[in-house]
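Nothing in this text is a laboratory measurement; each read-out follows from the coordinates by a stated rule. All values derive from a computational prediction rather than experimental measurement. Here the Cβ positions follow ideal geometry from the backbone for every residue, glycine too, while neighbour counts run over all protein chains shown.
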Amino acid sequence: MSSVSYISQLSPVLFWDIDREHMDVERHSAGLIQRVLEYGTLQDWRLTRDFYGMERIVADCQRLRTLDPMALSFVCAMSNTNKEDYRCYQFRQLNPTPWNS
């Protein structure tokens, strides 16, 4: 699948603040994967998984500083990985908010 056809098949709501025609899917893969996980549909997830593959998705997600807890759980369940391996999980544990203690 080419990058143009991949971007054109994703939900338009994911690109409310950027121009999808000028997005580089290889250079900005982590941000695109994060958007799909947090705001995309199941069809968007399937397209992303088929385009990038689970290894790349896991590698990009492990480097993210923030990721919604539900999205993190989804990635862990789909890839059979531990939350402790993700930077966003470790960062959240190091910096708890006072109102969530």
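Label-to-label distance, ASP50 versus ASN80, with points set 7 angstrom from Cα along the beta-carbon direction: 2.3 nm.
Calculate for the chain the 222 nm mean residue ellipticity that helices alone would give, adding -39,500 (n - 2.57) per DSSP H run of length 4 or more and normalising by residue count, nearest 500 deg cm²/dmol.
The per-residue figure over the chain is -16500 deg cm²/dmol.
The HN-Hα couplings worked out from phi for region 12-28 by the Karplus form 6.51 cos²θ - 1.76 cosθ + 1.60 (θ = phi - 60°) are x, 5, 5, 10, 5, 10, 9, 8, 5, 6, 9, 7, 8, 6, 7, 6, 10 Hz, whole numbers, x standing for Gly and Pro. Fully extending the segment from SER3 to ARG65 would add 19.8 nm, taking 0.36 nm per residue of separation and subtracting the current Cα-Cα distance.
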